[in-house]
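Here, each number is a calculation from the coordinates, and none is a lab measurement. Here the structure is a predicted model, which is why all the values come from computation and not from measurement. As a convention, Cβ positions derive from the backbone with ideal geometry for all residues, glycine included, and neighbour counts pool all protein chains shown.
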């Protein structure tokens, strides 16, 4: 029986763990299958991830155990540490090209067909954008017998040249939410950048205040005084 996200959608942690296994199977095959430590490291990468996450060992292990029950991953024997492999294509019933696109959408958030083609370069080389769009259309028009659509084309955002695609493996997507937004409407990656900038501004202000105090200057004194 195929995995059906309409009856049991993935959690954000499960999607990140699953997509990380899918990525590493294609980009670093010599290190695959992955240990728990490698899974955690891959999930928490600061690049090619949206949103950036900070999963602990217990959270990643819980996600792996849940994915195993869904037959989306399985353990492999050999060596001192347990290693994990994904079973995405067989469990979901999609070809390799569709699996690549879904994996990228889980890792990087909503993307245009052009962005997906570029980002897929290390996973699979699509001939052109129309090829990407063809597989996306198939995923969007997936029959109810197979579990229904797995992607949705979002409305084009103001100022954007092209609409973006989002996956439905974690359940329905709010079309009005900004790209990369969570269920509460916030964009974690953007919020993290804002918080980092605010912290940097606060540190700079503290430095200026200290220097002014050492020089006997008033922070609000006009230039030239």
(request) Evaluate the distance, in nm, between pseudo-label points positioned 7 Å from the Cα of residue 27 and of residue 121 along their respective Cα→Cβ axes. (result) 1.3 nm
(request) Would you give the gap between the C-alpha center of region 146-173 and the C-alpha center of region 1-43, rounded to a whole Å? (result) 21 Å
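Based on the mean of other Cβ atoms within 10 Å per residue, sort peptides 9-18, 33-42, 124-133 so the most packed one is first. Each step should come with its number before you reach the end.
Working: 9-18: 21.9, 33-42: 19.4, 124-133: 14.8.
Packing proxy ranking, top to bottom: 9-18, 33-42, 124-133.
How compact is region 37-93 by the rule of thumb for globular proteins, expressed as Cα Rg over 2.2 N^0.38 Å?
On the way: Rg = 12.4 Å, N = 57, 2.2 N^0.38 = 10.2 Å.
Relative to the rule-of-thumb radius for its length, region 37-93 sits at 1.21.
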(message) How large is the Kirkwood hydrodynamic radius of region 12-167, counting all unique pairs of alpha carbons, in Å?
(response) 16.1 Å
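Given a Förster radius of 35 Å and the C-beta distance between residue 217 and residue 157 as r, what FRET efficiency does 1/(1 + (r/R0)^6) yield to the nearest 0.05? Mind dumping the intermediate values first?
Values: r = 46 Å, r/R0 = 1.32.
Calculated transfer efficiency: 0.15.
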